[in-house]
Amino acid sequence: MIIQSEHKAVLIGLTGGIGSGKSTVSNLFVKSGFTVLNADDIALEIMEGNPEVRDKLYKMFSSLVFNDDRTINRNYLAERVFGITQEHRKALKELNNLVHPHVLDELLERAEELASNGERCIMIEIPLLYEIGLEDAFDYVILVVASEKNRIERVIKRSNISEEQVKARMAEQVIPDQIKGYADFVIENNESLEKLQQSVEFLSQIIPHLPSVVEEENTIQSGTED
């Protein structure tokens with residue numbers, strides 16, 4: 001599926017490893033007036049609301065993957081897919097293969113609608129942008145990075161999980177230093193929130209003037225066919 005619109009929209013990917021602070025950056029961009037689509041939020045919507053996906057999740061992970069109110073049991077799902085064993089890696093791969101195509105389709109549909117309504121810039125927060133090979137689909141990529149120490153401390157504090165569990169999740173993502181050279185903009189998030197706000201404000205002044213560099217159309221290929 002391809003994003004097509006009579007109106008030219010600049011498509012920006014916002015990414016970063018777990019604990020880097022990309023969601024904080026995303027929220028700051030929203031406060032600055034930008035439209036941001038969140039891939040993780042859409043993935044959760046699909047897992048909770050798509051009957052086909054729910055049925056497959058039940059078969060893959062048992063009824064324990066759902067809470068009594070039919071929402072996703074995130075803690076249980078994380079225990080099943082994040083870890084150092086082959087079983088964990090297999091489960092994560094199966095989960096991604098199930099959910100990612102639906103997420104991409106939904107992102108494309110929403111981005112296309114925004115572009116058709118005249119949105120000048122569309123930002124998509126997507127954690128695994130490089131891991132699933134989507135970097136060339138965006139006009140620009142913003143990468144949020146932080147030290148491993150800071151990332152681990154942040155995730156432990158917010159998610160109440162062990163350092164081992166955090167490192168298991170980090171192991172499923174590319175090492176930031178390996179991709180910093182490929183990003184168009186890199187935001188370092190190792191200092192205060194004020195410093196982070198300054199970085200976002202600086203980019204917020206630049207982004208509205210950026211040209212679209214993806215020729216003729218912004219393109220993201222999903223894993224499913226229309």
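Where a number appears in this text, it was derived from the coordinates with a stated rule and is not lab data. Since the structure is predicted, the reported quantities are computational estimates derived from the model, not experimental observations. Every residue, glycine among them, receives a Cβ derived from its backbone with ideal geometry; neighbour counts consider all protein chains shown.
More than 21 Å apart: what percent of Cα pairs in segment 31-154 qualify? All intermediate terms of the calculation are to be shown ahead of the outcome.
Working: 3825 of 7626 pairs.
When all Cα pairs of segment 31-154 are counted, 50 percent exceed 21 Å.
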Cross-link reach list, lysines versus residue 31, counting only Cα pairs under 20 Å and skipping chain neighbours closer than eight places: 22, 195
DSSP H segments from the chain that extend 18 Å or more along their own axis, Cα-based, with Kyte-Doolittle mean of -1.0 or above: 86-116, 193-206
Residue 186 long-range amide H proximity, modeled H, under 5 Å: 143
Inter-site label distance for residue 50 and residue 31 at 7 Å from Cα along Cβ, in nm: 3.3 nm
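For residue 159 and residue 198, what is the calculated FRET efficiency with R₀ set at 25 Å and r taken between the beta-carbons, to the nearest 0.05?
Values: r = 27 Å, r/R0 = 1.09.
That gives a FRET efficiency of 0.35.
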For segment 97-166 and segment 30-81, distance of Cα centres in Å: 15 Å
Globularity ratio of the chain, using Cα Rg and 2.2 N^0.38 Å: 1.03
Cβ-Cβ FRET estimate between residue 78 and residue 178, R0 fixed at 22 Å, reported to 0.05: 0.35
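What number, rounded to the nearest 500 deg cm²/dmol, is the helix-based mean residue ellipticity at 222 nm of the chain, given -39500 (n - 2.57) per DSSP H run of at least four residues and division by all its residues?
Numbers: 9 runs with 109 residues, N = 226.
The helix contribution divided over the chain gives -15000 deg cm²/dmol.
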32 Å Cα-Cα threshold exceeded, pairs from 8/149; 59/167; 93/157: 8/149
